[in-house]
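Before any comments, here is the structure.
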Amino acid sequence: MSTSDRTSPKLNKFEKFKAQKDGLAVKDELEEFARLGWEAIDETDLTQRLKWLGIFFRPVTPGKFMLRLRLANGVLSSEQMRVLASIVQRYGNDGSADITTRQNLQLRGLRFEDFPDIFEKLHRVGLTSMQSGMDNVRNITGSPVAGIDEAEFIDTRPLCQALQDAITHFGEGNAEFTNLPRKFNIAVAGSPDNSVHAEINDIAFVPAFKGETFGFNLLVGGFFSAKRCEAAVPLNAWVEPQHVVPLSCAILRVYRDRGLRSNRQKARLMWLIDEWGIEKFRDAVETEFGETLAEAAPQDEIAWEKRDHIGLHPQKQPGLFYAGLHVPVGRLQANQMFELARLAEVYGSGDIRLTVEQNAIITDIEDAKLEAFRSEPLLDSFSLTPKPLVRELVSCTGAQFCNFALVETKQRALALAKELTDELQLSQPVRIHWTGCPNSCGQPQVADIGLMGTKTRKDGKTVEAVDIYMGGKVGKDARLGTRVMKAVPCDELKTVLRNVLIEQFGAKAESVGVLD
Ligand code: SRM
Ligand code: SF4
């Protein structure tokens with residue numbers, strides 16, 4: 001950032017506190033904070049700067065903290081999963097974990113005094129939570145079946161890991177990228193089905209060949225916010241895999257130094273692209289990158305509909321299968337995490353993957369072990385064959401833990417999907433995404449039916465309600481959905497959704513009586 005930007009009187013309050021003390025500074029103070037107790041921590045450190053370490057104070061449950069990890073490409077080992085399970089197990093009913101819409105894990109119910117010990121445990125198994133919140137680059141997403149997918153063009157895991165290592169300095173924290181104007185999302189697609197939602201990232205690498213040479217076309221500026229949602233636009237640039245990290249760092253430096261910092265609602269990368277125009281932005285990136293950027297390949301390789309990876313599927317390695325387990329709305333209890341780790345070891349190679357649909361994948365299961373695998377009790381909860389609507393359901397955290405939430409999401413989403421599934425015959429998958437407020441963490445704009453929490457007045461009272469989005473398309477030719485209904489009270493939602501499913505998605509009522 002230029003000095004004039006840093007000292008500008010127009011800086012918003014977030015910029016001011018970052019200029020006073022960098023978010024990463026609290027890393028060295030963690031032991032002291034833990035010794036003093038969270039109540040003694042300065043308010044900005046507690047509610048803001050600790051997010052640079054992935055530690056989230058939850059105003060809804062004061063004293064019970066959330067820890068957001070980083071899992072590059074959504075990959076973790078059974079050993080790592082077991083350590084995470086043991087961390088949340090300690091907190092009994094308060095302890096749980098959520099698979100996030102960025103292929104990541106968040107641990108819940110943690111006590112502040114335990115953080116030094118928790119960080120030590122994470123470090124020992126090569127996990128980090130560094131720079132996972134606030135004005136940092138969020139979890140880097142990649143193909144969930146990287147390295148095992150017959151159809152893939154490239155294994156995205158090393159690229160996602162290299163990006164994470166460069167941005168966080170191998171998980172230790174990297175002051176070069178800890179003061180961005182706003183959050184920042186990067187995705188690397190490796191297969192023909194766009195399983196990372198490339199279009200909603202600030203930078204997306206999309207597979208594209210030039211002749212026989214493999215590389216990526218770049219999309220930039222995709223984002224959702226309460227004020228505005230935009231799909232990413234082409235940068236008209238193409239890079240080979242070895243340039244993914246240096247080019248991303250160059251873009252981040254341009255954003256860091258030239259991004260808009262006065263109005264926090266207009267600080268995401270797209271606002272800079274708007275102000276400059278894509279040509280000027282591309283020129284600035286090229287200058288920072290230090291090389292001329294090749295023009296984009298005429299077409300990319302995203303040719304498929306998006307897969308959900310649920311069920312058993314053959315891998316590209318002969319005789320091996322991966323199992324996509326449906327984790328209802330991404331919620332994991334400690335015993336289920338231990339079980340996931342055990343199944344990954346007993347039946348697979350110990351490798352576990354997470355998806356942006358908040359589900360889990362166990363890889364490398366031998367043909368001969370499939371039958372025994374199918375009869376494992378965990379599969380009663382995390383099904384290989386979930387019912388329609390429940391299968392495609394995605395939900396953000398909502399009111400249980402998030403103070404931005406205008407409605408409860410996860411439990412309501414699940415209950416409603418189950419009821420509608422029981423009452424209707426679905427002839428096609430319908431992807432329903434819930435999000436508790438306009439921040440759109442649950443990505444309602446990518447869904448067939450997106451539900452965004454709001455409030456409305458009914459019978460003289462303020463009640464929970466949702467705005468309904470439709471028309472989101474994922475995979476090939478992805479596009480964002482738009483709002484089609486406003487403020488439907490949650491107690492009327494089932495009837496409204498049932499009608500939408502019948503009229504627009506060809507669902508049939510199980511029996512005539514049900515429709516009354
Ligand atoms: Fe998000 C803020 C949860 C993915 C847009 N998001 C928050 C906070 C941190 C607010 C808070 O402090 O309470 C939420 C934490 C609640 C909690 O206790 O869990 C939160 N966001 C989530 C997660 C956990 C939703 C989920 O249930 O999966 C996702 C974590 C991803 C991760 O692992 O890092 C999550 N958030 C997203 C996405 C989806 C994505 O990245 O594909 C978006 C929209 C895409 C985007 O950012 O462009 C998203 N979250 C936001 C925003 C609006 C950003 C903006 O530019 O205005 C906020 C609010 C903010 O940053 O000011 C926000
Ligand atoms: Fe919280 Fe709103 Fe994000 Fe849901 S969409 S997790 S309610 S900030």
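Here are the numbers for the structure shown:
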read-out: Amide H within-cut-off set for Arg111, under 5 Å, with H built and near neighbours excluded; value: Phe65
read-out: DSSP-assigned coil residues among chymotrypsin sites (Phe, Trp or Tyr not before Pro) in segment 239-314, each with at most 14 further Cβ atoms within 10 Å; value: Trp304
read-out: Contour minus Cα-Cα distance for Glu79 and Lys369 (0.36 nm per residue); value: 102.3 nm
read-out: Relative contact order (%) - the chain, alpha-carbon pairs under 8 angstrom, separation at least six; value: 13
read-out: Top positive-direction residue, dipole computed over the chain with Cβ charges, set Thr435, Phe209, Ala334; value: Thr435
read-out: Helix-only CD estimate at 222 nm, as mean residue ellipticity for the chain, using -39500 (n - 2.57) per DSSP H run (n ≥ 4); value: -8000 deg cm²/dmol
read-out: Cβ charges +1 (Lys, Arg) and -1 (Asp, Glu), total dipole of segment 429-516, debye; value: 280
read-out: Inter-part distance where segment 51-92 and segment 343-366 are each reduced to a Cα centre, Å; value: 19
read-out: Inter-probe distance in nm under a simple model that places probes 7 Å from Cα toward Cβ, at Glu113 and Ala175; value: 3.3
read-out: Set Lys183/Lys486; Lys51/Lys227; Lys266/Lys461; Lys51/Lys369; Lys316/Lys508; Lys387/Lys486 screened for pairs whose C-alpha atoms are more than 32 Å apart; value: Lys266/Lys461; Lys51/Lys369; Lys316/Lys508
read-out: Between segment 370-437 and segment 453-511, the alpha-carbon center distance in angstrom; value: 16
read-out: Extension gain, Gln333 back to Lys10 (0.36 nm per residue minus Cα-Cα distance, nm); value: 111.7 nm
read-out: Estimated dipole of segment 136-249 in Debye, rounded to 20 [Cβ of Lys and Arg +1, of Asp and Glu -1, Cα centre]; value: 580
read-out: Accessible area expressed per residue, segment 3-289, with surrounding protein chains retained (probe 1.4 Å, Å²); value: 36
read-out: Positive-end extreme of charge dipole, the chain - chosen from Val75, Phe112, Gly311 (charges on Cβ); value: Phe112
read-out: Accessible surface of the chain [probe 1.4 Å, protein heavy atoms]: carbon and sulfur percent; value: 49
read-out: Overall form of segment 394-515 per C-alpha gyration tensor (a/c, 1.5; a/b vs b/c); value: oblate
read-out: Global geometry of segment 3-289, whether rounded, prolate or oblate, following the gyration tensor of its Cα atoms and the 1.5 cut on a/c; value: oblate
read-out: Within the chain: Cβ-based charge dipole about Cα centre, in debye rounded to nearest 20 (Lys, Arg +1; Asp, Glu -1); value: 1700
read-out: Where GluC sites (Glu not before Pro) in DSSP loops with at most 15 other Cβ within 10 Å are excluded, longest remaining stretch of the chain; value: 306-509
read-out: Given charges at Cβ of Lys, Arg, Asp, Glu: the chain dipole, positive-most of Leu320, Leu84, Thr100; value: Thr100
read-out: Solution diffusion estimate, µm²/s, Stokes-Einstein, the chain, Kirkwood Rh from C-alpha pairs, 10 °C, viscosity 1.306 mPa s; value: 67
read-out: Cleavage-rule hits (chymotrypsin sites (Phe, Trp or Tyr not before Pro)) in segment 166-245: DSSP loop, at most 15 neighbouring Cβ within 10 angstrom; value: Phe170
read-out: Of the DSSP H helices in the chain, those whose Cα atoms cover at least 15 Å axially and whose Kyte score averages 0.5 or more; value: 244-258, 493-505
read-out: Solvent exposure of segment 394-503 as accessible area per residue, Å², 1.4 Å probe; value: 41
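The values are calculated or read from the model by the stated rules, or taken from the named source; none is laboratory data. Computed from a predicted model, the values in this text were never measured in an experiment. Note that we place each Cβ from the backbone using ideal geometry, even for glycine, and neighbour counts take in every protein chain shown. The accessibility values were calculated without ligands, DNA or RNA, using every heavy atom of the protein model including side chains. Shrake-Rupley method; radii C 1.70, N 1.55, O 1.52, S 1.80 Å.
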